[in-house]
Structures are given as structure tokens and as C-alpha cells.
Amino acid sequence: MSAISINLISGRTIQQGVAMEGGKEKDKYRKACGIIEMDNEDFKKLGVMKNTNVEVTSAYGSVVVKAIEATQGPHPGVAFIPMGPWANTVVSDETYSTGMPTFKGTPVTIEPAPDKQVLPTIKLMRYNCWGEEQ
Amino acid sequence: MDTVTLTMKMQPELYMEAETISPDQFAAKSSEEIGALPVYMGNEHHTLSDFFDISGNPGKTAADTKIVVSGDLTKVKYIGMKMTGGEVEVLGSPDMYVGAWMAGGTIRVKGNVDSFCGMGMTGGELLIDGNAKNYLGAAYRGDWRGMQGGRIVVGGNAGSDLALFMRGGEIIVNGNVDVHVATHAEGGTVVIKGNAKSRVGGQMVKGDIYVLGEIERMMPSYKYIGDEEIQADGISGTYQVWIGDLGERHGKRKGETIYGKIYLKVKDTGKAAESVRAARKIRLSDDQKKQIKDAFAGKEPGVQEVRAFISDTFGIDIKPMQVSRFIDEMRRKE
Amino acid sequence: MTKTISDVICPFCGTLCDDLVVTVSDDGTKLLDVENACAIGAEKFLHSQASDRVTRPRMLQEDGSAVEVSYDEAIEYTAQLLAKAKKPLMYGWSSTSCEAQSVGSEIAEQVGAIIDNTAAVCHGTTLVAVQNVGIPSCTLGEVKNRADRIIFWGCNPAHAHPRHMSRYSIFPRGYFTGKGHKNRKLIVVDPRTTDTSSLADIHLQVEQGADYELLQALRAAVRGQELTGDIIAGVPKAKVYESAELLKSGRFGVIFFGMGVTQSLGKDHNIDAAIMLTKDLNEYTKFSIIAMRGHYNVTGSGQVLGWQFGFPYSVDLSRGFARYNPGETGSIELLKRKEADAIMVLGSDPGAHFPIRCVREIANLPSVCIDPHITPTSEICKLHVPVAFVGVEVGGNCYRMDNVPIDSRKVVEPPEGMMTDEEFLRAVNTRITEIKAA
Amino acid sequence: MADEYIIRNGHVYDPKQGIKGDVMDICIADGKIVSKVSGKAKEIDATGKTVMAGAVEIHAHVAGPKVNEGRNYRPEDKLFTCKATGKTRMEGGFSIPTTFRTGYNYARMGYTTVMEAAMPPLYARHVHEEIKDTPIVDQGAYPVFGNNWFVFEYLKNNEETNVNAYISWLLRVTKGYALKLVNPGGSEAWGWGKNCDGVHDPVPYFDITPAEIMTGLMKANEQLGLPHSIHVHTNNLGNPGNFETTLDTFRLTEGVKPNNKFGREQVFHHTHVQFHSYGGDNWGNFESKAKEIMSYVNQNKNITIDLGCVTLDETTTMTADGPFEHHLTELNHLKWANLDVELETSSGIVPYVYSPDIKVCAIQWAIGLELGLLAKDPMRTYITTDHPNAGPFTRYPRVFGWLMDAKYRNERLSTFKHSEKVNDATSLGSLDREITLYELAQMTRAGPAKALGLTNMCGGLAPGMDADVSVYNINADRLDGASIEKAFSSADQVFKSGVLVVDNNEIVAEPAKRTFWVDVKVPENKQVERDVAMKFLKYYSMNLGNYEVSDHFAPHPYVIEVDAS
């Protein structure tokens, strides 16, 4: 097991859309968005099984999500977290003075974190904002 | 020339808009009148004297008025906006829009400036000793008339969108620049003495860009047409000449198509072509790493922040990806 | 007995489908079924029926718990917060009606606020690009009736706008397009293979963040110019030329683009180049370009702000007249730079969709969140005001991604005693007038 | 109950009653002009001032999708043009002002009725939303018919009753006021990147010509007896040599007689004729054909026109003539917005700088004024700038100055960079006519009101009419250009339906404004109902059930009912 560096993008998925409209505080939303989609090749490099929790870290923050195999692929070297609080914990807030953060194209490192949990929405928010206990 | 000195005595709670700090506004006024000039903070109106100690007297006209501003100016916007003459000396690092739409006179900033400085400038000189952020000498949103005249000199680095929609005048950057240089330019000259990244001269119709360092990634819509012996801001040498942007429309003069031109300095080794694209990997020494760690101890710095620090302190530019990894490394070691 | 309501508008995405059929109970209090909607739209309608829905305002306490308060108290709190602030930010507006947005503008004028919508993190850079180079565009019906060349650039309608391809872009048969899908050539530009790209005739798997280079190369190729390099932004040069020829040979083409370009490196410049490509192609054939707008009424907010203040988003009213520069007055910059001193959020969820640094700033400011549901934003704001659900429990005008206005319908009653956002805003506006007069 | 007012001792100009500057009092009660008021009436002293009816704008682009796109895509139009007023809603914009500024500025100039010149039916809801947010002035909007697929098919098949039924339906569901035609056929051709350059060029795939479209709709308009005639911007706008297309268009009206109960005498209104009066065959030998155009207009009483005067400003052009805007962006390379609307129309927007240093711009300026000065019947020739195309409406007072003061006009003419070439290409320098205050009232009040079929309601000061009144600080003794411009830019007092809305040059009230629309009754027509249902199902992107503009978009409607059943 070792850390890998990868380019992170975020965006919509239909599961994210459905879960979002069904209630962001619900567990379904965590399951739809608290994930990172990676390619087989990248799984091999990382040396973990699919559906393992990983810690994603960028210059902007760090978050635990579940690594799953990309449903839409292949795209080695590019990982995808659906738009939502998990992605936003690590995406780049650099705007180049356009007002728009760089939601797509943040360099991140991924490390296995099988013992850490993917936080539910509200807990994640509170932890991120006020450092409340996990 | 008569001088008025403004010394900041109170930090504004929010950001402050002070377009009244301009020789045109000060000229022929008493110091009471100057002190009563409005500054704005959010939806509140204040006066200059609420925030600054004011001494000295202005000249009769803008041209014979000098203003010296000092203090922590990081929350002061619009210094020297629309000025037409005289001098402004800024002893500090002001926020956005320094010298925006200026038409004449000189502004010298001893520190750094934020974004949108020299926007829509038509004349005069804007001299920045430190770094400038994004949209330096650019056009206001939607305007096809960016910088049209005058001169901007940056001692350090400049950010992205330098010289957007430039139509005339000259910008010299002694350090490096970020992405998008002279996009949509239809005239003017940009000299970059350090390195550039990508999107140099994108959508340029006309104008000249000189790069004395390297370009990390040349636009695929530029074409190399040969070498020339020329001078750029007094630095002579062999330069590769690239024309473009071939994706853009171009006018003709005397039957000949006029392109935008990028002049890329050929290194003393006689090589330049490889410098395009080839990103040289720079390693930080342990000592340098320690300095950076100390500088940001207990903070959560962004990539650009750390990168700027590295560039300022050690004079080297490393790729954001590398900086990002370094930050990760720092964090993991904590 | 049940009632069936047809021609119902879906308040999810900018596709703004207006052919839904909704079945409700005879007394109009229960929504029983939704037909014709995509999975997301159906979920949105059904969510209004959730049994655990919050129906009264809640105030966040020191210990992190939430205490129910009356609407009157919520109105007072909101009015005081806005009236006292020096530079309040009023953000959101994309999931509400134009009528409510209009009241929001009145409040913003009164308190000298910055009013911004979700274009800030969505198609804001598109609007900037349009300001720089214009936009040759058309309505979605034109695409249906005429288009034989379709490009999806940096967007994935199969996931984000599920009915777009069947209603307007790929499958429908229109006046001049009787053969439907068969006569349409599809190019998808995406760094990933996606469920949309799998339908494409050509998939340009662009290197992530290099769309600008690819677009300018395409433009040069359309002009018959030689390109530098064998691989252009991850795409073989030959494929760039092939794509250019395919585009020029069509009779009517359209580029749809999304977050893949607005949020990647270059941002407005990517769209700028895509618009210029469209303009160039009009010298050979007919071409249009349409932004795949996200929220169902983010376009409407841009329209309302446009006719009232002259700018589509990030409008700064603090000086008594409207100013605009998203790199300064945009919500992300304001929060990052700590320029605002209070925030009101309505019809959006920045808590879930802003970068973490900005979310933290919201959590630290005096704040109000007006939203029908519990969201990450509602949980970090000092006050959460639940309101009736626009497009389901209250009607109002909305604008589709091609700026076509459609009046959304009320299909079911909101839970008893709940205010609509328009009513709540009017009450706040009245109260602010009183505070300012005092 | 509205206040009573008496405006004392002003010089009154009212072509409706033939009053030419007589000193008299105007009385207002219950929102109407009355012959006398009670002792409680508030007095306005208009001694030495000019009193006219509220002015009527017959053609301007002030509301709707392209206007708003123009606003949104030109932030630079708002740069340094805005100030805090604190009293009214915030105002912004120069060439395309916000809705609030639009309403206030018209009111400040003494305008009280403003027609939006082009409403795409699919976007009617948007137009009405903006009208609702434009304070003070009464408004109506002209839905575009000239590139509509239903119209094409019915006209091609000579199905007159179906055309009439469709017109009636579309006016009702869009809450529209009159039939607008823009580049008939050409805007549809633009759907394929093509155009119709002349009135006999067939429309691709539809087997019909612009001439047939114009003739067909003109006849339908008279059969239905609508208040306004068809309102036309013909083919080939803005091109050298296009005056022949314009004359071809005019000739289509020969022998057609007006039929209506509204006192309207024309069967055809041609808008912004300045853009249609060009000679030469390229920009080098570009010249004025104002004389040829006006000699035709002067002789044919069934035609009215408006001028479209160039004001020499940086402005924003916008029209439902999609191909023209593409042509323009190819000329000036400035940002181009285009919007094609399914089954109905197209449109485009391009910023434009009318520079006095450019020969063509100066000639265009001259042509607009020539047309006005060559008009023999001011009741049929109306002053416009085709706002914002030839210049913003806020420049009307300057145009009045040029028309009313020959010296002022000639000073401008002689200081152009290419003034000699302008003199060669136009006859403006030889025209010494000065429009009088009475003629001005004809060209801005009584005339447009009559052409719109509103002659008994507005544009005049006869008892019983709506009390729309403007008081200007000027009189016949001092009609120099600068004074004219100053006085008409900012009226001393303006009344809208009896409410004092401008006092001492400032907005003081914003009463409810009305939306005018026309409801024509025709016999039930199942065929058209079926056709509409079928086309919506197959070709529109919106459901028929969501197309009609519901009543809350026009909260204060004024519906003009016409019975053609």
C-alpha cells in the first residue's frame, strides 16, 4: 500500500442528482457523493481493493471517501468525486480572479485509509467548519 | 511639485474604496478639503481623514501634485484610479484596481498589488516593485478596449490574464507570469523576462510578446517561422519568432497578413526549441524546505501562496503540482 | 379519487421539461405520482412529501442544537441581519421563481447588498465569455428541427440533464430532421469516457485542463492552418482535422457545453474559444452554441438581475448603483477574501457546493438560509427558514437554459402554515423599510 | 381619487385640436383632460413655457430577450454611467438602460406611452415581465409575424380566414398589440445561414416571397380592422443601394385601403427608414436616397414612417433581422450575439460605434435628418432613433435640436472629419427647413398616436383624453439647439393619466402603468386549433399548454377589443 498522486475532477452524476433531491442529510447522499471513482490501473498503483476507504488530500484539505471503480471510464490518472461536500473539502479554490473555483483539475494524493470512516453529511460539515469531533 | 502625505492611522474593518486618492482629486484643495473627500466601505460612506493622517499641500493642478501613501494598504482599493497627471507613491501593498483607467502621471508601488491594476489604462506609468496579481493591464469585463497606452513595469511576477485585450502601450514583467498572456490582443508590447506557462498569445490578432525565459507550453495554433536577431527591452540576442494565433482572424497590410508575434529568446547554449514544453524539474534543498515550513507553520497555505513565497524568497518557479505534493508532504509530517 | 395535472414544469435542471403529468389526491394535499420526469426530477417532486420535512424556522444554538422559532422571529432576525450589515451577501436565487428574485432585488437595493446567483460556481465564466465575445445561439426547438451536427463539450447530459438528448438534441425528429438520430453526427469532448461519449461518432478525449489548446487548434484547423505538434491536448492531430471537416460539412450545428470547460483551467477563455469556433463556423454553415445551465432557474435570475441592474450575476449594490466584476464581487472571492460581513442564502446550497474555505467563512458569519429542505448550508447557518417548494407547492416564472421563459405550476399544497419564499422576502423587505425609517 | 390640476398660461401645442402655441390653461381631473376644474385644483404656472401632450414612442427596443442579452453582455455600457439617486429604484446603463432607468428617462423627457417594437412570441412572457418592471409609461409590444411558419403556410395556400384566426390567437396568447414584420422571410432563411435580399427572393423550403408575406399580412390586418397597421422593417436593411428594395416594398401598398374604427389612415408603417434609404453599391460610393424615399412617402397617404436617426454615439444594435447582425459583426468584428427562435424569428446584437470621424456614420446621421426635413406631412413621419440601434432614445432632445435649428445642425455637419464628402453624398446642407414646435408635437405626439389607433386616448389634449401632459421650459422665442436639447431632456412637469410623475425635473411618483394589448374576435376555427396543436406537438420545444402569457404578467391590462367575427 502506498500513496498515489492523481488529478481530481468533480461533477454531476445521476446518482448524486437523485440523492441530492432526496435529501442531502440522508445516508443515500453520502453513498452517492462520499466516493471517489478511480480506474483499475490506479487501483493497482494504490494497492488496495475496490470499495476501500481512502484519504484524499490536496493543498486545500483532506477527506475520507470510499474508492470505487469508475463506472464511466477508462481515464487513468484522473479521479472523480461527485460534486458535493466531500469533493469540496479538497478541490482547488483558485479562481484566477474570475470568481470561479477550479473544481476540475486539482492535484491530490490518495492514501489507503481502511480504518477511517466516510463522515455523514452533517458531521462532515460540522467537522470542516468548526472542527467538531468526528 | 507639492506633496501630500497620507499615513494610514486606522485599518478599515472591511475593504475600502478610495478612488479619491488621486492627484486629480487632491489638486488645489486645502488639507481639510482633502480630508473630507469620501471613501467607501461596503454601504457606508466615510472620509479620508477617518483613516489617514494627512499632511502637506497639493499643487494647483494634478500635474504638480504628488501623493505619498503609507501604511498597511492591503484593504485599500482604487488608488490612483483615472488619474491624468502628477505622481502617487505607495509605500505598501495596496489591493485591487491601482491605476485603473489611468491616463497620465506616474504611480510607483513599493510593494505588491492585487488584481485588476492598470485596467483600461490609456497613458502614464504604473511601476510595481513587487508582484502583481491577475488581470494586470487588462480590459474591464466586456470591453474590447484593454490597455491602450502607457507603460507598466513589474519588478516581480504577474498573475494570469496579463494584458487581456491589449491594444497599445507596453508591459514589462521582470519575473514570471501565469497562464493567459495578451489574450485577444490587437496591439501593444509585452516583455516577460522570466518564464511563462501556457496560453501565451491565445486568440491574439496583433501585437508582440517577448519571452526571455521559457514557455512551458506553446499554443498549438502558433507557427515557428525562424530566428531573428533583435532587442527586447534592451536585451539583445537571437529570438525564435512564432506567429499566430492561427485560429484567429487577421487583417492585412499591403497585401500581407499581420499576425501576433511571440519572440522567444534562444538560450546561450544555442538551444530554444526544447525549452518549449520541457519543464525543468527544480528540487528544493532541505534548507529551503525548512524555511518554507517555518514560514507557514500552523497555517493552511494554498498552492499559489506557497508558490509565490518560493518564488519571492528563492527566485525560483516550480510547478503547482510539485508545490501541492510538497504541501502534502509537510502536512503528513506534522 | 385523484386529480391529474398535465403540462407540469420540472424544477430540477435547466432543461426545464414542461410535459410532466402529476397525480395528486383529490384535496390537493398529497402528491401521488409523477410521469415523464427523469429519475432526478421524480425524486424532487416526491421529496416534498417526505414525512420528516422541517416546516418551521430553526435557530442554531451555541451547543450546536437547533431550536424551532416562529416565522415572525425569523423575519425579524433576517431583517436585522441585513439592515445592520455593511456589506451583506445575498446568494442563491437559482431554485426560486423570478417573482421571488424580484423581491430579493428590492431588499438588496435597500440594504446595499451584493446579490449573486449560482452562476458564480456554474456558468459564471460562460457569462464572462459572452461579455467578451458575444454568443450566437438559438432555442432548443431549432436544434430539434434543424441540427445535424451536435457537440457535447465538457458536459455529460446522460447524467446531468437526463432528458436533454431525447427531447431536444439527439433523438427527436423535427421539421427538417425527420430521420432523427440517424442523420445527426455527435462529437463528445471529455477527458473521461462517459455514458454520453459512448453514443458519440467521435470522442475527443482531451487532456484534462487543455480544452483551450484543443479549441484554438480546431479553429485553426477549420481555417485550414497547419498545427504545431502531433498530439494536440491529448488528441491526435488527424482527429482534430477530421472533426473540423465534420463540423464544416453539416447544415446546422450546435455546441452544448458544461462544467468541464467553465470550471477547468482557462475557464471563461475556454468558452470564449468555443464561442469563437461557433462564430467561425458560421462562415461555412449555420452554427449555434448553448450553455447547459444547471439549476432550473439560474437563467431566470440572470435575466431578472439583467433587466433590473444590467448584470447577470455578482452584482454589487453597496454604493447605491450597480457594479460588477466577478473576480471581485463574486461570492467565492468575497468569502475567500472575507469582504462580506453577513450572508443570506436562498434557493441554493453553497454549503454543499462551495470550496471548503468559503464554506467555513459562511459558518463564521451572521447567516440565514432559506430553503425547503435540510441542506449542508441550513446546518451551518445561524437560522434556517423552511419555505414552500417552488414549482411544486407554489408557481412562478422560470427560464430554460436557452432563456425561454416558462411559468411553473403549483401542483400540491405546502404543509400547513408554511410561507413561500416570496411571502417571506416581502415580509423581510417591509420590516427592513421600517428599520431604515426609524 | 386623483388630484385636480390646472396648468396655467402655457403655450399649448396640440395638433389633435389644431392649437398652435396659444396661451391657455389645461385642466386635469380624474385622470382625464377636462374643460374645467374646481377651486381645489392645484395650480402649475406654465407662463412662458411649452405645454404638449405626453409623447408617444412608436418604435423602440426596450424590453425582452434581446434587449436583456444586450444589457447582460455589455457590462462596459454601465461603466461610469451610473449614479446613486437614493430616491427611485437604482438606475443603470447608457445605450441599453435597465427597465427602471428606461421608464424614468422616458418620463423625464415627457414620454408617457412606449411601444416595444419586436416581441418573439415564444418569449412574450419575458417581454411582459420587463414591461411590468418599467415604471410609469404605458406600454404595448408588437409580436413578430414575418417569419412565422404558420403564416407562411396559410399565406402560401391562400387560406385567408386561417391567417386571420391565427393572428387573432397569437395576439391574444402573447398579449400583443400589432403585427411586426422584420426582414420577412430573411430571418427564417437565416436558420440556414441564408437571407432574402429582395422582396421577391423566395424563402428557402417555404415557397413564398417577402412580398407575398407583407401583402398577405397587410390584407389580413385590414380585414381584421386592427388599431395599428402592419409595422414593417423590410428586407436588405443597412446595405448600400437598398433604397430600391424599400421602394419595392412601398409599392406593395398601392391600392390597399385602411379599414378600422380607430381613426388610423395608413395601411403600412415602415420603421427606421434611415437604414433603408441608401444609394451606391459599396461603402465607397455610399450616398443618400432620402429624396427618392420621401417623394414616394409624401405622395402616398396610406404609408407612415419613423426615422431611425443616428445620434453619433457608441450604442448597441439589436434586431430580429438575424442575418443583418451577422453581416455587421463581419464588418466591425465586435461581439456578436444571435438568437434564433424556433418557428418564429431570429435576432442578433452587435455593439456599434457611430463615430463622427467615419464618413459612412456621418452620412447615416445626415440621412436621418434629411428624411425628417423632407417630410411634407409631419402627421405621418415620426422621430425615432430605433433605440438603441441608431442611438439611445435619451438623445431624442438632441435630434429635436438638429431638426429644429438649422444653425445647430450645420455646425455639426461642417465639423465632421469628412464634411465635404457628407455634403456630396446628401442634401442636408441645402435644407434650411426648421421643424416648428407644432410640427414636433405632430411628429412625437398626435402622429404616432393616430398611427397606433390611439388618437382618442393619447397624444392630444382634448377634453376626455387621458391626462398625459408635459410642460417644458422653452418657447417659440428661443429655439436654439442647446436650449431645445436641455428643455426636452428634462421636462418641468409631466402628468401620466392625471398623476404628477415628474415635478421640477425629478421623478416624484410611480403610478401603476398599463399594458395595452389587442383582443380580436374571429369566428371559431377548428382547423387552426388543430394545426396549432399539431405543430406544438411536433416542432415546438414547449407544450402548447404552457405557451399563453397568463394574466398576472400584465397586472394592469388595457385591452382593445376588435370584433372581426
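The values are calculated or read from the model by the stated rules, or taken from the named source; none is laboratory data. It should be emphasised that the depicted structure is a prediction, and the values quoted were computed from it without experimental measurement. Because the Cβ atoms are built from the backbone with ideal geometry, glycine has one as well, and the counts that use them run over all protein chains shown.
Could you count how many residues in the stretch A:17-40 are touching a strand residue (DSSP E or B) at 6+ places or on another chain (Cβ under 7 Å) and surrounded by fewer than 24 Cβ atoms within 10 Å (Cβ to Cβ)? Looking only at that region, the number is 3. Is it the case that some residue within the stretch C:340-354 is within 14 Å of chain D (Cβ to nearest Cβ), crowded, with 24+ Cβ neighbours inside 10 Å and either outside any helix (DSSP H, G or I) or at pLDDT 95 or above (or both)? Within the stretch C:340-354, none of the residues are within 14 Å of chain D (Cβ to nearest Cβ), crowded, with 24+ Cβ neighbours inside 10 Å and either outside any helix (DSSP H, G or I) or at pLDDT 95 or above (or both). Yes or no: the stretch D:408-424 includes at least one residue that is in contact (Cβ under 8 Å) with a residue 24 or more places away in the chain, closer than 19 Å to residue D:116 by Cα and surrounded by 19 or more Cβ atoms within 10 Å (Cβ to Cβ). Within the stretch D:408-424 (the criterion being in contact (Cβ under 8 Å) with a residue 24 or more places away in the chain, closer than 19 Å to residue D:116 by Cα and surrounded by 19 or more Cβ atoms within 10 Å (Cβ to Cβ)), the answer is no, since none of the residues qualifies.
None of D:56, D:34 is more than 9 Å from chain C (Cβ to nearest Cβ) and buried (at least 24 other Cβ atoms within 10 Å of the Cβ) except D:56.
I'd like the full set of residues that are on the phi < 0 side of the Ramachandran plot, facing another protein chain (nearest Cβ under 7 Å) and assigned to a loop (DSSP other than H, G, I, E, B), limited to the stretch A:80-104. Correct list: A:83, A:89, A:91, A:93, A:94, A:95, A:98, A:100, A:101, A:103, A:104.
With respect to (1) buried (at least 19 other Cβ atoms within 10 Å of the Cβ); (2) under 28 Å from residue C:167 (Cα atoms), the lone exception for residue C:49 is condition (1).
Is it fair to say residue C:81 is surrounded by fewer than 24 Cβ atoms within 10 Å (Cβ to Cβ) and in contact with a strand residue (DSSP E or B) (Cβ under 6 Å, 6 or more places away or on another chain)? Yes; evaluated as a whole, the condition is true for this residue.
For the stretch C:388-406, the count of residues that are within 25 Å of residue C:80 (Cβ to Cβ) and assigned by TED's automatic domain parsing to the domain that holds residue C:102 is nonzero. Checking D:548, D:524 one by one, the residue that is acidic (Asp, Glu), touching a residue at least 24 places away in the same chain (Cβ under 8 Å) and part of a loop (DSSP other than H, G, I, E, B) is D:548 and no other. Can residue A:55 be described as in a strand (DSSP E or B), charged (D, E, K, R) and under 25 Å from residue C:206 (Cα atoms)? Against the criterion (in a strand (DSSP E or B), charged (D, E, K, R) and under 25 Å from residue C:206 (Cα atoms)), residue A:55 does not qualify.
Pairing each residue of the stretch B:162-190 that is more than 9 Å from every other protein chain (Cβ to nearest Cβ) with any residue that is part of a strand (DSSP E or B) and acidic (Asp, Glu), provided the two are 6+ apart or on different chains, yields C-beta distances under 6 Å for B:167/B:186; B:189/B:170; B:189/B:208. Looking only at residues of the stretch D:194-211 that are under 15 Å from residue D:153 (Cα atoms) and over 24 Å from the mean Cα position of the chain (by Cα), we find that the one that is surrounded by the most Cβ atoms within 10 Å (Cβ to Cβ) is D:203. Apart from one condition, residue D:150 fits all of (1) among the aromatic types (Phe, Trp, Tyr); (2) part of a helix (DSSP H, G or I); (3) buried (at least 24 other Cβ atoms within 10 Å of the Cβ); the exception is (3).
Rundown of residues vs (1) in contact (Cβ under 8 Å) with a residue 40 or more places away in the chain; (2) in contact with a Ser or Thr (Cβ under 8 Å, 6 or more places away or on another chain), yes/no style:
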{"residue": "D:115", "(1), (2)": "yes, no"}
{"residue": "D:119", "(1), (2)": "yes, yes"}
{"residue": "D:139", "(1), (2)": "yes, yes"}
{"residue": "D:158", "(1), (2)": "no, no"}
{"residue": "D:171", "(1), (2)": "yes, no"}
{"residue": "D:187", "(1), (2)": "yes, yes"}
{"residue": "D:199", "(1), (2)": "yes, yes"}
{"residue": "D:203", "(1), (2)": "yes, yes"}
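Restricted to the stretch C:59-145, the set of strands (runs of 3 or more DSSP E) holding at least 2 residues that are touching a Ser or Thr at 6+ places or on another chain (Cβ under 8 Å) and not aromatic (Phe, Trp, Tyr) comprises C:88-92, C:114-117, C:134-138.
Residues in the stretch B:60-76: is at least one under 30 Å from residue C:436 (Cβ atoms) and either of a type in the set (S, T, N, Q) or in contact (Cβ under 8 Å) with a residue 24 or more places away in the chain (or both)? Scanning the stretch B:60-76, I find at least one residue that is under 30 Å from residue C:436 (Cβ atoms) and either of a type in the set (S, T, N, Q) or in contact (Cβ under 8 Å) with a residue 24 or more places away in the chain (or both), so the answer is yes. Among the residues of the stretch C:1-8, is there at least one that is part of a strand (DSSP E or B), surrounded by 16 or more Cβ atoms within 10 Å (Cβ to Cβ), more than 14 Å from chain D (Cβ to nearest Cβ) and not small (Gly, Ala, Ser)? The answer is no, given that none of the residues of the stretch C:1-8 is part of a strand (DSSP E or B), surrounded by 16 or more Cβ atoms within 10 Å (Cβ to Cβ), more than 14 Å from chain D (Cβ to nearest Cβ) and not small (Gly, Ala, Ser). Residue by residue through the stretch C:289-328, note down the ones that are outside any loop (DSSP other than H, G, I, E, B) and facing another protein chain (nearest Cβ under 7 Å). Within the stretch C:289-328, C:302, C:303, C:306, C:307, C:308, C:309, C:324, C:326, C:327, C:328 meet the criteria. Of A:107, A:114, all but one fail to be assigned to a strand (DSSP E or B) and either touching a residue at least 24 places away in the same chain (Cβ under 8 Å) or of a type in the set (Val, Ile, Thr) (or both); the exception is A:107. Looking across D:491, D:509, D:487, one residue alone is at pLDDT 95 or above, over 20 Å from residue D:274 (Cα atoms) and part of a helix (DSSP H, G or I). It is D:487. Kindly establish whether residue A:11 is surrounded by fewer than 19 Cβ atoms within 10 Å (Cβ to Cβ), within 30 Å of residue C:41 (Cβ to Cβ) and facing another protein chain (nearest Cβ under 9 Å). Spelling it out, it is not the case that residue A:11 is surrounded by fewer than 19 Cβ atoms within 10 Å (Cβ to Cβ), within 30 Å of residue C:41 (Cβ to Cβ) and facing another protein chain (nearest Cβ under 9 Å). For first residues located in the stretch D:354-372 and closer than 13 Å to residue D:313 by Cβ, partners that are among the small types (Gly, Ala, Ser) and surrounded by fewer than 24 Cβ atoms within 10 Å (Cβ to Cβ) and lie 6+ apart or on another chain with Cβ distances below 7 Å form the pairs D:361/D:355.
When C:228, C:262, C:285 are checked against the criterion of being facing another protein chain (nearest Cβ under 7 Å), surrounded by fewer than 22 Cβ atoms within 10 Å (Cβ to Cβ) and in contact (Cβ under 8 Å) with a residue 24 or more places away in the chain, a single residue qualifies: C:285. A single entry from B:230, B:243 fulfils the requirement of being in a strand (DSSP E or B), assigned by TED's automatic domain parsing to the domain that holds residue B:161, among the aliphatic types (A, V, I, L, M) and farther than 19 Å from residue C:222 by Cβ: B:230.
The set of residues in the stretch C:360-373 being facing chain A (nearest Cβ under 7 Å) and touching a His at 6+ places or on another chain (Cβ under 9 Å) consists of C:373 alone.
Yes/no per residue for (1) in contact (Cβ under 8 Å) with a residue 24 or more places away in the chain; (2) out of contact with any Lys or Arg (no Cβ under 6 Å at 6 or more places or on another chain); (3) more than 7 Å from every other protein chain (Cβ to nearest Cβ):
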| position | (1), (2), (3) |
| --- | --- |
| C:132 | yes, yes, no |
| C:138 | yes, yes, no |
| C:142 | yes, yes, no |
| C:152 | yes, yes, yes |
| C:158 | yes, yes, yes |
| C:163 | yes, yes, yes |
| C:166 | no, yes, yes |
| C:169 | yes, yes, yes |
